[in-house]
1. Given the Cα-Cα distance of K93 and S194 and 0.36 nm per residue of separation, how much length would full extension add, in nm?
2. Using Cα pairs closer than 8 Å and at least 6 residues apart in sequence, work out the relative contact order for segment 119-178, in percent.
3. Considering Cα pairs under 8 angstrom that are at least six residues apart, work out the relative contact order of the chain and quote it in whole percent.
4. Out of the DSSP beta bridges found with both residues in the chain, what percent are antiparallel (nearest 5)?
5. What residues qualify as long-range amide H neighbours of T107, i.e. H under 5 Å apart, gap of 5 or more or another chain, H built at 1.01 Å from N?
6. Can you compute the helix-only [θ] at 222 nm over the chain? Use -39500 (n - 2.57) per DSSP H run of at least 4 residues, normalise by all residues, nearest 500 deg cm²/dmol.
7. Report the trypsin sites (Lys or Arg not before Pro) located in segment 12-110 that are in a DSSP loop and have at most 10 other Cβ atoms inside 10 Å of their Cβ, or state none.
8. Could you please state, rounded to a whole Å, how far the C-alpha centre of segment 101-155 is from the C-alpha centre of segment 23-46?
Amino acid sequence: MTETIRIVGVSGSPTDPSRTTALVRRVAETFAGKLGGETHIIELATTLPSLAAGGYRSELGTAAQDALDVVENADVLVVGSPAYRATYSGLFKLFFDHVGQYALVDTPVVLTATGGSDRHALLVEHQMRPLFGFFQALTLPLGIYANERDFVDYRVASDELEQRIDTALTRALPLVRSQLTANAAERRDAVVASA
């Protein structure tokens, strides 16, 4: 019996409703359809009071601690942030400041971002990719950026954006499948070694 693939989406938007959350949800659900996994979406806006409870992870509220545990145990991450002053939101940074330094090693990560115009598109490459490089995560080759014109009523409504999502995920699938196989083998070896 195989384990269910856990695809976790994290939206760093401080607002609800949110175009960022809509993008993260669409990408995670599309990936789940391609991989046969299940999705779990974390909207950081709902964890803010819990994140603000203290400066150390042990002091955070239950909602933040639970969200961190889900992220650290994900098989695949889909992360997204709105553009704020040419970088990701402070809420996004605050959350990932509490993730264990080695908790995401080799975890496949799809990088997404939203902004008011295309001039923020490099946020994915110049801000988000280095952050997940620090975690030694496996950031997938094509990031996904969307601007306001790609949404209607906080839903993905652009055929071009749908095509970008499909292209990014289709190109990532062989790499993700290979990494998931390697991660499963590593977990099996660890269980055998500890027995």
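Quick note: the coordinates plus some simple rules give every number you see, no bench work behind them. Quantities reported herein were computed from a predicted structural model and do not represent experimental measurements. Heads up, the Cβs are rebuilt from the backbone with ideal geometry, glycines too, and the neighbour counts pull from every protein chain shown.
1. Going from the current span to full extension adds 32.8 nm.
2. Numbers: 28 pairs, mean separation 16.7, N = 60.
Relative CO of segment 119-178 lands at 28 percent.
3. In percent, rounded to a whole number, it is 21.
4. Values: 3 of 26 bridges.
The antiparallel fraction comes to roughly 10 percent.
5. For T107, the qualifying residues are L138.
6. -14500 deg cm²/dmol
7. Listed in order of number, the matching sites are R85.
8. Between the Cα centres of segment 101-155 and segment 23-46 lies a distance of 14 Å.
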